[in-house]
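Remarks on the structure that follows.
The values are calculated or read from the model by the stated rules, or taken from the named source; none is laboratory data. A quick note: this is a predicted structure, and the numbers were derived from the prediction, not measured. Reconstructed Cβ throughout: ideal geometry from the backbone, glycine too, with neighbour counts over all protein chains shown. Quick note on the areas: whole protein, heavy atoms, side chains included, nothing else; ligands and nucleic acids left out. Shrake-Rupley method; radii C 1.70, N 1.55, O 1.52, S 1.80 Å.
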Amino acid sequence: MNPLTQIKNTQKITKAEIELGLTDKASWHDRFKHSAYVFSGGLPFELTEGDLLAVFAQYGEVVDVHLVRDKKTGKSRGFAFLAYEDQRSTVLAVDNLGGARVAGRVIRVEHVDNYR
């Protein structure tokens with residue numbers, strides 16, 4: 001599925017849950033309550049780990065950042081995995097940063113079921 005389509009679908013589901021007044025247990029986010037990691041894709045290649053911290057710390061304390069880099073060149077490959085201290089922050093990041101524009105690019109933010 002196209003990443004932008006996926007972002008729009010996630011936003012529609014979240015909006016519908018809010019309109020229906022669903023509780024946390026009934027939300028699709030509850031399926032990921034065991035993981036405090038998020039995946040972010042579509043990142044501008046010039047972003048550093050510090051830049052990611054500045055963006056993602058808006059929604060909670062980030063305790064791990066893994067910006068995936070090319071093994072030969074050391075340059076960013078445009079995606080990262082981040083962990084929050086509190087899993088509830090992942091819900092905020094997915095809902096608020098998915099589809100956001102960062103340094104001119106629309107980024108994707110998703111829950112991670114099992115990291116590593």
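Miscellaneous remarks
- The local environment of Val68, defined by Cβ-Cβ distances under 12 Å, has a net charge of +2 under the rule Lys, Arg +1 and Asp, Glu -1.
- Rounded to the nearest 10 square angstrom, His34 shows an accessible area of 110 square angstrom against a 1.4 Å probe.
- Cβ-placed point charges (K, R +1; D, E -1), dipole of region 32-82 about Cα centre in debye, nearest 20: 300 debye
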